[in-house]
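The structure under discussion appears below in the form of structure tokens.
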Amino acid sequence: MSASNPLMEPESAATAGAPVADAGAAPVSERSRRQVLGMAVLGGAGATAAFFAAPGTAAASPKGRPGSGTTPYRLTVMGTTDTHGNVLNWDYFKDAVYDDGPHNDIGLAKVASLVKLVRAERGASSTLLLDAGDTIQGTPLAYYYAKIDPITGGAVHPMAKAMNAMGYDAAALGNHEFNYGIDTLRTFESQLDFPLLSANTVDWKTGAPAFQPHVIKSVKVPGVAKPLKVGILGLVTPGVAIWDKANVEGRLKFPGIVEQAKVWVPRLKAAGCDLVIVSCHSGAKPGSSYGDALPYPENASFQLAEQVAGVDAVLVGHAHAEIKEQLVPSKATPGKNVLVTEPLKWGMRLSVMDLDVVHQARGWKLVSAHAHLLDANTVPEDAAVAALVREDHAVVRTYVNSVIGTCTAPMSAATARFEDTAAIDFINHVQADAVKAALAGTPDASLPVLSIAAPFNRDAAIPSGNVTVRDVAGLYVFDNTLLGIRFTGAQVKAYLEYSAAYYETVTGAGPFAPDDITNAVNPATGLETPDYNYDIMGGLDASLAYDIDIAKPVGQRITALTYGGQPVDPAAQFVIAINNYRQSGGGNFPGVTTAPVLYNAQVEIRQLLIDWTTAQGVIDPATFTTYDWRLLSNGTPVVVEGAAEGGRH
């Protein structure tokens, strides 16, 4: 929840991008503005002092004209990332003002207030505003204008309205930009007043850039004839080729981040750029959720900073991490540090990069680079930006609150990562039922159907009584589509063994706190296994049951694997209902990418759940809930704090 602070003064100066929206608030004093900014800076008194320090304080004497001789000129580059369709500080799944444990606030309307403060503090003509991708997917607001009232039919995307008003200078593509297909992405691109950048999204046949690779901004510096030329390069994680294979295969390719940066950064330098900033939708910490399924890593921002000469700063996206400032030693240019920053997600933070330069005989030289993070929960929403989407917001609230059925008993996903739950059984039941119906009359119609689902949203719950769109949608927050593939019994076991690596290895049977046994680090990637990469498998017409012994080594944990009460024959054949992210290699699960595809009608799973509920009218958990799996420790049931459903413990 936001703190109460003075309203921001209107910003009327021209920016490097489009005009910023005016909140219409009464002007406030410099002291009041600095008080608000001081509260927004993360990191305590030292960080606040650094934020307000004069340009080049540690590098040069602040005398003479800015930018001339030894007197630094400061270019401030602000950055957002992974906003995921959040404009207002609103949780559409709860139909309430957003809040979480740390009391973060979200949305571009909040960020807009911070942007106006920084422009007023630094001087609007000395600032740029960038984004590092994942913009048009992630909330019911984004979904509505992609699928219900699509922008391809004439609607204007709320994110385009907000970002245009805020005066963005450029944004990189994120992998989720491709979720709704290229036509939707191109329409969104056409609605923007600034370029969408991606130097490593190329034409399938020609290898030519499919989107604008970069943009060059010229910044006029008082007292210096030669403008400061800033090259901005966009890059996206190559994982798009896997995760959105159905949308991009045969049309677009995604070469490596470092490889393409080594092509384009020299071109920017040859074009006269004094500074090069990369907006990179790729996590900082090296590793790939898809293993070696592609020749290029998913997360390569640190490698980019280390290995590509000429890069001065990297705005990172994709990992939803908070990096205030990291100075990465360049291996390509020994003695140089490259500034890296990432502003968390959803508009919770604004990165502020201060790049201090001086103009010398040979041109501009970077003498200092530092970054700060501003917290969006310290400011009110910008009234003008909020007003731009208020009608869209009301329409979507009406949609998500529409009643589509009833439920005879409450279902919660809060404990789904460590115990069998009705909520995940519901997803698996609907998925398997749809695949079975689609295979009727085919040679595979007689095969038993299994389904996989992951605990995407710990806060998801369907209440007893009336059920709304948002209740059901909360169970499935990703825009995945449904497929059916064929597996053998041996492949089923291998798949479950891989999934069981989600758990830490334990001794004893507990009781354990959930966080002490889940999200184990994957040794292949060095990253914690996210909830969405833990799959639970269930049967449709008979029970698929198994135990997970988390005292055993990874790869030897699945015991008592049965179907219909009988041990699973390694040679038996099954149909698996699976989402497109997983089938195309997301998470690097074994067997899925090469398994025969029996069904792929591009039906969205979230909409399938909504349509099923609407058609049935009543969700009765007793008709599909079977407690089929449990956690063991050397054969003894594991006790986990908070386990709620009882079941097979």
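The values are calculated or read from the model by the stated rules, or taken from the named source; none is laboratory data. Not measured: the values here are computed from a predicted model. As a convention, Cβ positions derive from the backbone with ideal geometry for all residues, glycine included, and neighbour counts pool all protein chains shown. Heavy atoms of the whole protein, side chains included, go into the accessibility calculation; ligands, DNA and RNA do not. Shrake-Rupley method; radii C 1.70, N 1.55, O 1.52, S 1.80 Å.
Averaging the sequence gap over all C-alpha pairs within less than 8 Å and six or more residues apart, then dividing by the number of residues, gives the stretch 306-462 a relative contact order of 15 percent.
Its DSSP H runs of at least 4 residues, each contributing -39,500 (n - 2.57), put the calculated 222 nm mean residue ellipticity of the chain at -7000 deg cm²/dmol, to the nearest 500. Gain on full extension, evaluated as 0.36 nm per residue between residue 504 and residue 362 minus their Cα-Cα distance, stands at 45.5 nm. State the Cα centre-to-centre distance between the stretch 79-138 and the stretch 241-278 in whole Å. Rounded to whole Å, the Cα centres lie 26 Å apart. Remark on the stretch 545-649: ratio of C-alpha radius of gyration to 2.2 N^0.38 Å is 1.33. Its Cα gyration tensor gives the chain an equivalent ellipsoid, and the semi-axes of that ellipsoid, as √(5λ) in whole Å with the largest first, are 46, 26, 23. Between the stretch 431-481 and the stretch 345-386, the alpha-carbon centres lie 43 Å apart. The residues of the stretch 189-258 present an accessible area of 38 Å² per residue when probed at 1.4 Å with all protein chains retained.
Pairs of alpha-carbon atoms within less than 8 angstrom and 6+ residues apart define the contacts here; what relative contact order does the stretch 434-575 have, in percent? Relative contact order here is 33 percent.
From largest to smallest, the equivalent ellipsoid semi-axes obtained for the stretch 394-491 from the alpha-carbon gyration tensor read 28, 17, 12 Å.
When the chain is fully extended, how far beyond the present Cα-Cα distance does residue 204 get from residue 148, taking 0.36 nm per residue of separation? Stretched fully, the residue 204-residue 148 segment lengthens by 17.2 nm.
Kirkwood-type hydrodynamic radius, the stretch 87-207: 15.8 Å, calculated from all non-identical alpha-carbon pairs. Stokes-Einstein diffusion of the stretch 367-438 at 20 °C, 1.002 mPa s viscosity, Kirkwood radius from Cα pairs, rounded to a whole number: 120 µm²/s. Under 5 Å from the amide H of residue 323 lie the amide H atoms of 342, 344, each residue being 5 or more positions distant or on a separate chain, with H modelled from the backbone and absent for Pro and chain starts. Using the 1.4 Å probe convention, the accessible area of the stretch 277-419 works out to 35 Å² per residue with neighbouring protein chains retained. Using a simple spin-label model with pseudo-atoms 7 Å out from Cα toward Cβ, residue 100 and residue 398 lie 3.1 nm apart. Within the chain, antiparallel bridges make up roughly 65 percent of the DSSP beta bridges whose residues both belong there.
Extending 7 Å from the Cα toward the beta-carbon at both residue 224 and residue 437 defines two label points whose distance is 6.5 nm.
Length gained on full extension, residue 190 to residue 54, computed as 0.36 nm times the residue gap minus the Cα-Cα distance: 45.0 nm.
Ordering 248, 374, 339 by Cα displacement along the dipole of the chain toward the positive end leaves 339 in first place; charges were set at the Cβ atoms of Lys, Arg (+1) and Asp, Glu (-1). Among the protein heavy atoms, those of residue 436 account for about 80 Å² of accessible surface (1.4 Å probe, every chain in place). Residue-normalised convex hull volume from the C-alpha trace of the stretch 186-323: 135 Å³ per residue. The accessible surface of the chain, taken with every protein chain in place and a 1.4 Å probe, is 53 percent carbon and sulfur. Averaging the sequence gap over all C-alpha pairs within less than 8 Å and six or more residues apart, then dividing by the number of residues, gives the chain a relative contact order of 15 percent.
Modelled label positions at residue 601 and residue 566, each set 7 Å beyond Cα in the direction of Cβ, lie 3.0 nm from each other.
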